[in-house]
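Encoded as C-alpha cells, the structure appears first; notes follow it.
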Protein chains: 4
Amino acid sequence: MVLFQITPGSDVPLFRQIIDQVRGAIAQGRLSPGDPLPSVRGLAAELVVNHNTVAKAYSQLVRDGVVESQQGRGYIVASRREIYTKTERKRRVTALVTPLINEAITLGFSPEEVLELVQRELTKVSVDSKG
Amino acid sequence: MVLFQITPGSDVPLFRQIIDQVRGAIAQGRLSPGDPLPSVRGLAAELVVNHNTVAKAYSQLVRDGVVESQQGRGYIVASRREIYTKTERKRRVTALVTPLINEAITLGFSPEEVLELVQRELTKVSVDSKG
Amino acid sequence: MVLFQITPGSDVPLFRQIIDQVRGAIAQGRLSPGDPLPSVRGLAAELVVNHNTVAKAYSQLVRDGVVESQQGRGYIVASRREIYTKTERKRRVTALVTPLINEAITLGFSPEEVLELVQRELTKVSVDSKG
Amino acid sequence: MVLFQITPGSDVPLFRQIIDQVRGAIAQGRLSPGDPLPSVRGLAAELVVNHNTVAKAYSQLVRDGVVESQQGRGYIVASRREIYTKTERKRRVTALVTPLINEAITLGFSPEEVLELVQRELTKVSVDSKG
DNA sequence: GTGGTCTAGACCACG
DNA sequence: GTGGTCTAGACCACG
C-alpha cells in the first residue's frame, strides 16, 4: 500500500500536499506516535519531487509538533503533545471552517448537506488517532 | 457595524479575504439578493487596499454567480441560481473539507469535537440564504 | 506558425482576445489536453502586452475549467470536464447567438446566409475537441 | 405589444441593448423601411433611461445605415441600402461568429448542437426583413 | 524560471 | 460617480 499520494497537477503546492498526507495518515491511524516517516530522499525519489520540497514539509510538521527529528536518524511521528493552547488550536480550525461554510452555503448547499459532507469525511478518521 | 473586515498580515490573499467576507455576509443573511455591495473604490479606500484588488474579488464573485454587475450603478447580490453542476460543487466543497479535518485531528481534536465546531458555525447561517 | 494573434486597436479587450485565441486553438485541435500553454511572461513579451493581462486571461480560463495551472511549471490545456449546468452553458451561448443574428440580418444577410457562415466556420472545428 | 425591452441589470450597456432591440425588431419584421421609430424622449421615458442614452443608440444606428434621421421629425427605419461592402459585412459577422463557436465548443457543445441553437434562433427572424 | 499578488496610477466607457 | 482595462514595476512563493 502506498502511504502518501500527491497530485502534481493540483494548485495546492507540493510541500503542502505532503504535509496534508502525513497529517491524514496520522489522523487515520496509519501512522502512530513513534513510527518512522520515510526518509527525505527516499520519499522524494518515490514521489518524484525535489528533496528540498520534502524537507520543507517535514520541517513545518516539526514546527507544528506533529513529527520529531531524530538527529541524523530521520523523523518519527511525535507523541501527542499540545504545543498550541486550546484557544490557538480552535482559532486555527475555525479559520478553516468559516470559509468552508461560506463557500458551501453560497454554492447552494443547505446547512444539513454541509454537515453531512463533513460527517462522511470524518468516518475515514481513526478513533485511535485522538489519543 | 462594519460589513467587511480583512487581516492585512495574513497568508490568505487580500482579494480572497474579500471574497470570503462577501460570501459570509450573504450566508449569514446580512446581505440579501438585490442588496448593493459597497462601491469598488469606496471599499478599497475603507480597507486601505488598491481598487484593483477589490475589483478582482468582485469580478470573481460575478463569475461564480454570487453577485451581479449593474453597469454604472455598482454591484448587487445576485438572486440565487445554480451555475455549477452537482459534481463541480461537491468537488469545491470537499477540497476544503479534507484539509480541515486533517488539520483538526492532528491538532488533537476528536471527530466529535470537529463536528461540534462545524455545527456551531452553521448556526450563524441564515435560513433564508439557502436554496 | 504563430499560435495566438491579437489586434491592439480593437474594441475587444486584450485579455478577452487572448481567451478567445486559446479557446479557438483548442476548438480547432491545435492545442490538445495536456499541451502546455506559452508561459505568462513569454506570451506577454511576444504579444507586447503586460504580463498581468495574460495572467488575467489564463486565470479566467482556469476558472472555466478550460486550462489548468501546474505550479511552477506553467499552464496546460485541461482534459475536458463539464463544470457548468446545461442551463448555464446554454445561457452563455445564446447570449452570443442573439446579437450575432440581429447584426447579420440588419446588415442584409438572409437567414440562409447566416447559417452558411456559421457552418463554414464550424468546419474548422476539430472532431477531437468535442465531447 | 411592447416594441422594445431592456434589461437594466445586464452587463450589456443600455445603449447597445437599444441598438440590439431596434435591429431585432427590423430583423423580425415588426419594423419595416419607412416606419417611424419612437421619439428619443418618448422612448427614454418608456424605458426609464437617460435620453442621451437613446440618442446615442439612434445615432449609431444612423451611422450604420439602419435608420434615418428626418431632421426635426424624428427617425424612421431606413430603406435597405448597403453602406458596407460585402467584404466588410462578412468581416463584421464573422467577428461575432468565431468567438461564439470557440466558446460553445470549449463549453462542450458539439458542432451539430451549435448549428441547432443558431437555427432555432433564426426561426424568429422574418423572411420579409431581408428584402 | 515558473506563476501569484499587489500597488500606483492612468485612461476610458457608461449614464 | 460608477466600473473596466491596462501598464509598469515590485516582491514573494514554489521548485
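Please treat every number below as a calculation from the coordinates, not as lab data. No experiment lies behind these values; they were computed from the predicted model shown. Please note: Cβ atoms are built from the backbone with ideal geometry, for glycine as well, and neighbour counts cover all protein chains shown.
Working value for the stretch C:1-126: equivalent-ellipsoid semi-axes of 28, 18, 14 Å, each the square root of 5 times a Cα gyration tensor eigenvalue, largest first.
When chain B is treated as a GNM with alpha-carbon contacts under 10 Å, the residue of B:Gly108, B:Gly34, B:Gly42 showing the greatest mean-square fluctuation is B:Gly108. Distance from the axis that maps chain D onto chain A is least for the Cβ of the chain D residue given, with the whole Å value, as D:Leu107, 10.
For the stretch B:26-40, 3J(HN,Hα) computed residue by residue from phi via the Karplus equation (6.51, -1.76, 1.60; θ = phi - 60°) reads 6, 4, 8, x, 6, 10, 10, x, x, 5, x, 8, x, 5, 3 Hz, glycine and proline entered as x. For the listed residue pairs C:Lys90/D:Lys56; C:Lys124/D:Lys124; B:Lys56/B:Lys124; C:Lys124/D:Lys56; C:Lys86/D:Lys86, the alpha carbons are over 29 angstrom apart in C:Lys90/D:Lys56; C:Lys124/D:Lys56; C:Lys86/D:Lys86. For the pair C:Thr7 and D:Asn50, label points projected 7 Å from Cα toward Cβ lie 2.9 nm apart.
An ellipsoid equivalent to the stretch C:1-44, defined through the eigenvalues of its Cα gyration tensor, has semi-axes of 19, 13, 9 Å when rounded to whole angstrom and sorted largest first.
Model label sites at A:Ser59 and D:Val62, defined 7 Å from Cα along the beta-carbon direction, differ in position by 7.2 nm. Inter-copy label distances for C:Thr123: 2.7, 5.6, 6.9 nm (label point placed 7 Å from Cα along Cα→Cβ; shortest first).
Across the stretch B:72-79, rounded Karplus estimates of 3J(HN,Hα) from the backbone phi angles (6.51 cos²θ - 1.76 cosθ + 1.60, θ = phi - 60°) give x, 10, x, 10, 10, 5, 6, 6 Hz, Gly and Pro being marked x.
Let me confirm one metric for peptide A:22-30, namely the mean number of other chain beta-carbon atoms within 10 Å of its residues' beta-carbons.
4
Given in Å, the Rg to one decimal and the Dmax to the nearest whole number for the Cα atoms of the protein assembly as shown are 28.0, 94. Peptide C:112-120 has a mean of 5 when you count, residue by residue, the C-beta atoms of other protein chains within 10 Å of its C-beta. Apply the a/c threshold of 1.5 to the C-alpha gyration tensor of the stretch D:86-130 and tell me whether it is rounded, prolate or oblate. Oblate.
Close amide H partners of B:Gln70, meaning residues 5 or more places away or on another chain with modelled amide H under 5 Å apart, are B:Tyr75, B:Ile76. Note on chain D: with a GNM built from Cα contacts shorter than 10 Å, the maximum mean-square fluctuation among D:Pro13, D:Pro33, D:Pro111 falls on D:Pro111. Label-to-label distances for D:Asp35 across copies, nearest first, come out at 4.5, 4.7, 7.7 nm, using points 7 Å from Cα in the beta-carbon direction. Within 10 Å of the Cβ of each residue in B:85-91, the mean number of Cβ atoms contributed by other protein chains is 5.
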